[in-house]
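Trainee: Dumping the structure here so I can ask a few things about it.
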Amino acid sequence: IRDEESGYNKNLFCIPKHYEEDLETVFIPHGLILDRTERLARDIMQDMGSHHIVALCVLKGGYKFFADLLDHIKALNQNGDKSVPITVDFVRIKSYC
């Protein structure tokens with residue numbers, strides 16, 4: 001996102017009431033995030049070929065994105081011509097000071 005990007009008007013989205021006063025604009029809509037996550041999964045599958053995938057999630061903030069990405073990879077594995085083995089692991093990292 002460029003610095004001069006103004007984002008999307010919050011009135012274009014269903015915003016929970018408890019966030020309405022705190023939110024000015026939406027920079028990246030949820031649908032765009034899902035689309036890019038699916039695209040990333042496709043790129044990973046294409047780049048990895050038939051190599052074993054080791055997926056490492058950094059807890060706690062990355063869990064939702066990680067789960068969505070793995071769901072897309074699993075779907076490609078089930079519906080594609082080839083199936084790539086996947087190993088999943090998690091790490092916890094000390095916060096930045």
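The values are calculated or read from the model by the stated rules, or taken from the named source; none is laboratory data. Nothing here was measured: the structure is a model prediction, and the numbers come from that model. Here the Cβ positions follow ideal geometry from the backbone for every residue, glycine too, while neighbour counts run over all protein chains shown. The protein model used for the area step is the full one, side chains on, heavy atoms only, and it has no ligands, DNA or RNA in it. Shrake-Rupley method; radii C 1.70, N 1.55, O 1.52, S 1.80 Å.
Trainee: What FRET efficiency comes out for the pair Met48/Lys94, r = Cβ-Cβ distance, R0 = 22 Å, nearest 0.05?
Mentor: Values: r = 30 Å, r/R0 = 1.36.
The formula returns an efficiency of 0.15 here.
Trainee: Right, next: Once amide H atoms are placed 1.01 Å from N in the peptide plane, what residues at a sequence separation of 5 or more from Cys57, or on another chain, have their amide H within under 5 Å of its amide H?
Mentor: Asp89, Phe90, Val91
Trainee: Remind me, relative contact order of region 6-90 in percent, using alpha carbon pairs under 8 angstrom and six or more residues apart?
Mentor: Values: 67 pairs, mean separation 27.0, N = 85.
Worked out over region 6-90, it gives 32 percent.
Trainee: Continuing with this model, one more query. Below 11 angstrom from the Cβ of Lys10, what's the summed charge of the other residues (Lys, Arg +1; Asp, Glu -1)? Let's see the in-between values first.
Mentor: Numbers: positive: none; negative: Glu20, Glu21, Asp22, Glu24.
Summing Lys/Arg as +1 and Asp/Glu as -1 gives -4.
Trainee: Quick one: if you take sqrt(5λ) for each eigenvalue of the C-alpha gyration tensor of region 6-90, what semi-axes come out, biggest first, whole angstrom?
Mentor: On the way: eigenvalues 211, 43, 19 Å².
Semi-axes from the Cα gyration tensor: 33, 15, 10 Å.
Trainee: With both bridge residues required to lie in the chain, what share of the DSSP beta bridges run antiparallel, to the nearest 5%? Could you put the intermediate results ahead of the total?
Mentor: Numbers: 2 of 9 bridges.
Antiparallel bridges make up about 20 percent of those DSSP assigns within the chain.
Trainee: Turning to a different aspect of this structure: With a 1.4 Å probe and every protein chain left in place, tell me how much accessible area Tyr19 has, in Å² to the nearest 10.
Mentor: Here the residue's solvent-accessible area equals roughly 120 Å².
Trainee: To the nearest 10 degrees, how steeply does helix 30-48 sit against the main Cα axis of the chain, on a 0 to 90 scale?
Mentor: Once rounded, one gets 20 degrees.
Trainee: Ok, one more. Nothing charged except the Cβ atoms of Lys and Arg (+1) and of Asp and Glu (-1): what's the magnitude of the dipole of region 6-90 about its Cα centre? Round to the nearest 20 debye. All intermediate terms of the calculation are to be shown ahead of the outcome.
Mentor: Working: 9 positive and 12 negative charges, 33 e Å.
The calculated dipole for region 6-90 is roughly 160 debye.
Trainee: Right, another one. Report the local net charge at Gly62: Lys and Arg +1, Asp and Glu -1, summed over other residues whose C-beta lies under 14 Å from its C-beta.
Mentor: Around Gly62, the surrounding residues sum to +1.
Trainee: Moving on to the next point. Could you report the chain's accessible area per residue, 1.4 Å probe, as an integer in Å²?
Mentor: On a per-residue basis, the chain sits at 84 Å².
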